[in-house]
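Everything below concerns the one structure shown next.
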Amino acid sequence: MDTAPAVRLDNVSKSYADSYAVHDLTLDIAPGEFFSLLGPSGCGKTTTLRMIGGFTDPTGGTILLGGEDVTALPPDKRNVNTVFQSYALFDHLSVAENVAFGLKRKGIARGEIRERVHTMLERVQLDGLADRKPRTLSGGQRQRVALARALVNGPQVLLLDEPLAALDLKLRRRMQVELKQIQREVGITFIFVTHDQDEALTMSDRVAVMNEGRVEQCGTPEDVYERPASRFVASFMGTSNLVPGTYRSGEVVLDGGPSFPVGSRDGLTEGGSVSLSVRPEKIWLSDFEPGMTLLNGVVRETVYSGPTTTYLIDLAPGVTVSVLEQNTDRSRNEDRWTGGEDVQIGWKPEHCLVLH
Ligand SMILES: Nc1ncnc2c1ncn2[C@@H]1O[C@H](COP(=O)(O)OP(=O)(O)O)[C@@H](O)[C@H]1O
Ligand SMILES: [Mg+2]
């Protein structure tokens with residue numbers, strides 16, 4: 001049985017002049033995994049992808065594909081294909097000819113090419129458009145051509161660099177679901193680059209959150225969202241309350257405000273500064289349960305946005321948390337809050353992370 005990771009990065013670095021684009025990256029990506037590299041612009045995602053594809057040479061470390069060291073191999077000697085954000089299609093060729101391009105260059109027999117191209121176009125739902133030119137297609141259709149052209153070669157790993165970034169939001173959401181479905185069907189390892197945390201959470205088996213050339217956390221979408229390992233991850237993965245405070249003998253004392261017990265937690269030092277991280281949707285405003293941490297506050301503002309309402313609540317001068325409530329059909333008193341009311345908020349201890 002083949003148990004080697006599809007991709008192994010072992011202490012891979014890329015430095016330019018005086019700075020690192022990627023710093024000591026170590027990652028294993030399993031066969032068949034949908035793996036995302038997520039992070040803000042400039043954090044090293046494209047550089048990482050280009051090193052796996054062989055388009056950029058690392059300045060340190062080793063890259064293995066299916067257990068084989070490919071660090072010194074050129075792109076065409078690696079069983080890897082790339083889908084770029086720009087699609088990079090040939091405008092003078094038809095859709096079918098674009099998809100057939102790589103197979104022709106490999107000298108595969110015509111009959112087999114026709115069959116494989118046909119199967120792949122069906123899979124990406126473009127079978128009716130085989131004879132069209134790319135420029136006559138919509139953005140979503142062109143993206144599918146690019147995907148079919150890469151997948152038809154049967155790569156071991158498919159690299160996708162922000163492939164949906166140029167599409168409008170509605171189409172992007174649909175393509176996210178389709179792309180994930182296609183990936184499951186073909187069973188090929190996908191390494192997907194995005195700066196959009198919703199996209200990464202929706203699509204991935206695992207996500208590596210990158211910041212300044214390093215991976216800050218790598219785990220399932222639930223891991224990185226529910227249990228962020230650092231302030232950066234907590235704030236990058238959607239909205240989080242990050243409240244500054246100090247750790248003292250089992251308690252966190254908020255700056256200028258209340259204190260409450262957090263128990264003993266790993267890595268906390270007496271008198272050390274910490275950030276409290278609680279997701280807005282994990283804070284309750286009523287119907288508290290035993291064991292919850294309760295704090296007093298004053299409503300500063302109510303922001304209604306259709307399915308949800310956000311309350312900004314002051315816990316102390318300069319310490320504000322946001323609380324998100326679903327607007328379900330159960331009417332709540334909170335709906336009438338306009339600002340200035342004294343309230344209580346509460347959260348379960350397991351939903352409060354203490355980051356240092
Ligand atoms: N050819 C290059 N020469 C110098 N610096 C580069 C080069 N390519 C990328 N960088 C730098 O490396 C860092 C990471 O870039 P990149 O991998 O493109 O980030 P991302 O794809 O996450 O936006 C950036 O600071 C970028 O300016
Ligand atoms: Mg990039």
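The values are calculated or read from the model by the stated rules, or taken from the named source; none is laboratory data. Since the structure is predicted, the reported quantities are computational estimates derived from the model, not experimental observations. Neighbour counts run over all protein chains shown; Cβ positions are idealised from the backbone, glycine included.
Things to note:
- Leading residue by the ranking (nearest to residue 38 (Cα to Cα)) among those in the range 205-243 that are of a type in the set (A, V, I, L, M, F, W, C) and in a loop (DSSP other than H, G, I, E, B): 237
- If you go through the range 1-26 and keep only what is within 16 Å of ligand 1 (Cβ to nearest atom) and either among the basic types (Lys, Arg) or under 25 Å from residue 184 (Cα atoms) (or both), you end up with 9, 14.
- Test: residue in the range 27-34 that is within 16 Å of ligand 1 (Cβ to nearest atom) and touching a strand residue (DSSP E or B) at 6+ places or on another chain (Cβ under 6 Å): yes
- Tally, over the range 61-77, of residues that are closer than 10 Å to residue 12 by Cβ and either among the small types (Gly, Ala, Ser) or not in a strand (DSSP E or B) (or both): 2
- Scanning the range 5-37 for residues that are modelled with pLDDT of 95 or more and outside any strand (DSSP E or B) yields a count of 6.
- Segments classed as strands (runs of 3 or more DSSP E), wholly inside the range 266-333, with at least 1 members that are touching a residue at least 60 places away in the same chain (Cβ under 8 Å): 273-278, 308-316, 319-326
- Tally of residues being touching a Lys or Arg at 6+ places or on another chain (Cβ under 7 Å) and at pLDDT 90 or above across the range 71-101: 7
- The helices (runs of 4 or more DSSP H) found wholly in the range 122-204 and carrying at least 3 residues that are within 16 Å of ligand 1 (Cβ to nearest atom) occupy 197-203.
- Filter result (under 12 Å from the mean Cα position of the chain (by Cα), of a type in the set (A, V, I, L, M) and more than 16 Å from ligand 2 (Cβ to nearest atom)) within the range 208-249: 224, 233, 237
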